Structure formats: C-alpha cells, structure tokens
1. Name the single residue, out of those in the stretch 244-262 being outside any helix (DSSP H, G or I) and surrounded by fewer than 16 Cβ atoms within 10 Å (Cβ to Cβ), that is modelled with the highest pLDDT.
2. Can you tell me which residues in the stretch 106-121 are under 26 Å from N223 (Cα atoms) and open to solvent by 40 Å² or more (accessible area, probe 1.4 Å)?
3. May I ask you to list the residues in the stretch 122-142 that are in a loop (DSSP other than H, G, I, E, B), open to solvent by 10 Å² or more (accessible area, probe 1.4 Å) and out of contact with any helix residue (DSSP H, G or I) (no Cβ under 6 Å at 6 or more places or on another chain)?
4. Among the residues of the stretch 66-87, are any surrounded by 19 or more Cβ atoms within 10 Å (Cβ to Cβ), of a type in the set (A, V, I, L, M), closer than 24 Å to E169 by Cβ and at pLDDT 90 or above?
5. Consider P206 against the criteria (1) modelled with pLDDT of 90 or more; (2) exposed (fewer than 15 other Cβ atoms within 10 Å of the Cβ): it satisfies all of them except one. Which criterion is unmet?
Amino acid sequence: MAEGAEREKGEGLSLEEWQGWGISSPVPAMVAEVVENLRAWERETGTHMSFGGLGGKLQGSFKVREDIKHRAAYDSLTDPEKKLQFFAARQIACRVLGSRGYLCQKCWLPMEDCMCSRLVPCPLWCGIRFWLYMHPKDFLRQNNTGKLLWQIFGIQAAPLCLFGIHEHEEIMWDAFRHSGKGMVWFLYPNKSLSPKSVHDIFLEGPFTGLEGQTVISKEKPLNFVLIDGTWSNSAAMYRRLKDRWTSLWGDEDLPCISLSTLGASMMHELRPQPSWDRTCTAAAAAGLLSELHLCPELSVYGLDKQAEAVENAIDVLLDALTTRRLRRGRSITRRDRHLHLIK
C-alpha cells in the first residue's frame, strides 16, 4: 500500500472477511462497533478514510478530526478494562480496514508478495494445541511469525487470541478450564520465576504425573501459550495472563516453560530482538516440538517432522520478506539499517 494512498473501504465488517484473516471466532462486538463508528464518521463529515504506513494507520484530514473524537471516547471511560478493550478494538479495526485489498488475508503479506503457494500444510498432533496470544499491534504485521502456525497446522490447532479482546480471551480460558490446570503451559523466558524445562516436566519421573492427568487427547490436549508481541508489550500481556490464572486457580505464578535448544532467531536480521538469545514466535514453537519429541511417550507422534514444517515456513517467510526489501531498494540486515538511521 503506497503511503497516503486513498482507497474506498467497504461497509462494515462481515464474518467472512473477519475469519479470512486466520480467525475462527465471530466478529468481536467492540471491533464491529469501532468499524461502524468510523464509517458513520465518514458519512457525517463527508470525508473518506485513508490509510498508509505500517499497521493500517489513518492518514490525512480524516485522521486529525477522528483522532480528537476517539481520544475523547477513550478518556470518557473510567474502567481500566474498558479502556484496554477499546484500545485493542480500535487498533484491530484500523488494521483490518487499512489492509483491505492490500494484504493477502492468509499470509498477511502484500498481494504481490503472497507466499501462500510455497507453504506446505502439516497436521499437528491432536494432543497439542498452540495458542497465539497476540498483541493488537502485531495483528496483520507482515513480519509476524505466529501466523505461520495456523497456516501450517490450521486455526483449530493454533487458534489466535487477541490481547484485550474479551470474546477471544474467554474462548481461550474456557479451553484451559476444560483441559485442566496441569495441561496449560506458557512459553515466556521470565528468569525470575525459574521456569521449568521440557525435561523437568516430561522426562523426569513418570509422564502421567501431570497433576493427575493420565490421558492426553484431542478433547483435553496440552495447551501451550505463545505470547506474541514485542518484548516491551509482552510484559503487560504476561501480567494479564498471570492475574487471570491467579483468579482461576489461586496460584500466584504462571506455569512457565523454557527451551534449552534455541539459538539466535532466524528472523533476527529482519526483525531485531533485544538480545541474541531471544527468538521469534514460530521458532519457539518449533523448538518446543523438537524437545517434546525427545520424550519417549511422545516420540511416536512425529513432532520432529512438525517442527521441521514450522522451520521450513520460517524460511519461506524470511525469503519473501527479503525479496520484497531488495526489490524496494531497502537494506536487509539489521546492521545496515542501523547505520542508515544514524547517518
């Protein structure tokens, strides 16, 4: 999408369009309300929405006038929870509207760079479910890697849960309650909590020692939550998960799991991490699958092949993003981009 380009946006947000972005839920009520309010403001002012830049940002005179209106609406809310929900809904609504006719709904890349035909789907073992707990600012982000999981495994095996969207979070927590407390783990490298390793949980002692859970099944799978956002945003996401966990099961700390086999992020050159020992969301999922494969009871489910499928998908995304950068005359390395900025 060329910056400042104006394009007419269709009315409303249909279920078909919403779910086309890789989501299985109905359209969240507040997202639909924000979209309708934007359309109503268009009609009232006689101006058209236009979007440009990264993240479906409003542009032009419409942005200036609407910004005053939405800030007043935000400031009028006294409940912090309502403020968060409003913030999340508006971020998501603008990203959807700003991406219409520009991004491929499946891979979130510009149409001319669509990589969908190069991805090879792979079934995920039914005893595992990944949850992509995604910050609104990462939704529809072209270099986001979490989207690869549902592209490869399907939206039922790797559902998307958007931070601050009430309906999404309720679906996720209902699934946790159904599977049981001992079947939920969070991938988050919070060193102060001394998270357990895959070896600690699944290789030391009998595998059936998971809080009385003796059978892993499609109905009650192992749930692994991937916090999908920038490192600065992930702290707030972690606190929200921790508060909900405490209110549900009484524990003060989340059951976090750490990985021992991860190296530098495959995406580090294009999307820098704050340190070399931190990795992208999809690579974390691949690393987890690889380590789970070492558990004798799980080695028969082809988790190593499923990990390889994710790694191959990351390669495809990295190649697509690199090709796009080169075509547009942009640097593809972190160091070169930094030097360009300080010149």
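1. Of everything passing the filter in the stretch 244-262, G250 is modelled with the highest pLDDT.
2. K106, V120, P121
3. P123, C126, R141, Q142
4. no
5. Exception for P206: condition (1).
The values are calculated or read from the model by the stated rules, or taken from the named source; none is laboratory data. Bear in mind that the values here come from a model prediction, so they are computed numbers and not experimental data. Neighbour counts are summed over all protein chains in view; Cβ atoms, including those assigned to glycine, are modelled from backbone coordinates with ideal geometry. Heavy atoms of the whole protein, side chains included, go into the accessibility calculation; ligands, DNA and RNA do not. Shrake-Rupley method; radii C 1.70, N 1.55, O 1.52, S 1.80 Å.
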